[in-house]
């Protein structure tokens with residue numbers, strides 16, 4: 001199998017520069033329309049598929065992003081590895097605005113989103129004990145080394161529903177009692193869906209602010225956030241540019257089993273599966289459903 005890197009661009013990242021033979025294409029999904037067309041091309045000989053999570057022009061809120069359609073569309077384009085870029089707030093003094101955190105854990109506090117491809121007619125339960133791919137995360141760390149950015153290996157990302165930022169009480173709870181490191185609004189259910197689709201997934205959380213817990217920073221200042229976003233976006237593009245050389249064009253089996261996540265996950269017996277549901281799942285779960 002050939003490597004195909006899928007990049008989901010968060011706030012401030014709406015395109016990828018330097019792709020050869022690049023073209024925006026429309027991809028149909030049985031789960032609805034993706035956030036936007038997908039930009040497909042090659043970077044240093046490796047296929048790359050870019051999707052702006054909020055759409056060009058930033059038209060989708062965190063709650064209205066069509067997460068299922070996005071992951072399904074990436075899978076249909078042959079993507080093997082998904083790198084998620086997202087803006088976030090920090091709960092740690094050492095994780096300062098402008099820093100990148102390669103997230104390895106999540107706490108999902110969202111409540112208004114479809115969180116699974118499966119459902120009545122075909123039930124499945126995948127493990128998300130380790131929701132990101134260590135191999136892909138390590139590649140992101142190495143790719144970031146050439147950029148003028150400080151990178152933190154590992155961190156817990158609190159995913160809130162939004163679109164409002166945290167109250168001070170919430171910020172203190174997540175930081176002091178729950179031990180979270182960063183906070184954002186978009187990596188769930190994205191990471192869960194990537195696992196269901198048997199895709200390697202890495203989260204690059206780009207710090208823009210200190211949320212509101214920090215006594216010297218106060219509430220989130222949107223103007224300052226946007227200014228930091230600009231610098232983060234340039235560093236993110238540099239990180240992405242370094243991935244083809246690290247991942248190579250030949251995709252081998254994931255040593256952590258991300259590409260076999262559905263191996264024992266489907267619970268519904270073959271003769272009880274809904275044909276209409278199976279048709280919707282032909283891309284994300286075709287390997288195990290046949």
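The values are calculated or read from the model by the stated rules, or taken from the named source; none is laboratory data. Note that the structure is predicted; figures quoted are calculated from it, not measured. A quick note on method: Cβ atoms are made from the backbone with ideal geometry, for glycine too, and the neighbour counts reach across all protein chains shown.
In segment 248-271, the residue that is nearest to the chain's Cα centre (by Cα) out of those that are surrounded by 18 or more Cβ atoms within 10 Å (Cβ to Cβ), under 16 Å from residue 194 (Cβ atoms) and modelled with pLDDT of 95 or more is 258. From the list 224, 237, the one residue that fits, being closer than 30 Å to residue 94 by Cβ, assigned to a helix (DSSP H, G or I) and over 21 Å from the mean Cα position of the chain (by Cα), is 224. If the condition is being touching a residue at least 24 places away in the same chain (Cβ under 8 Å), surrounded by fewer than 21 Cβ atoms within 10 Å (Cβ to Cβ) and in contact with a strand residue (DSSP E or B) (Cβ under 6 Å, 6 or more places away or on another chain), then segment 21-39 contributes only 27. Scanning segment 133-142 for residues that are at pLDDT 95 or above and over 17 Å from the mean Cα position of the chain (by Cα) turns up at least one hit. The number of residues in segment 68-103 that are without any contact (Cβ under 8 Å) to a residue 60 or more places away in the chain and either within 22 Å of residue 260 (Cα to Cα) or buried (at least 19 other Cβ atoms within 10 Å of the Cβ) (or both) comes to 2. Of all residues assigned to segment 102-120, at least one qualifies as being under 24 Å from residue 245 (Cα atoms), under 13 Å from the mean Cα position of the chain (by Cα) and assigned to a loop (DSSP other than H, G, I, E, B).
Pairs are defined by a Cβ separation below 7 Å, a sequence spacing of at least 6 or placement on different chains, a first member in segment 137-166 that is over 29 Å from residue 111 (Cβ atoms), and a second member that is in a loop (DSSP other than H, G, I, E, B); the pairs so defined are 149/98; 149/99; 150/99. Tallying residues that are within 13 Å of the chain's Cα centre (by Cα) and in contact (Cβ under 8 Å) with a residue 60 or more places away in the chain within segment 40-65 yields 3. If the condition is being crowded, with 24+ Cβ neighbours inside 10 Å and on the phi > 0 side of the Ramachandran plot, then segment 168-219 contributes only 211.
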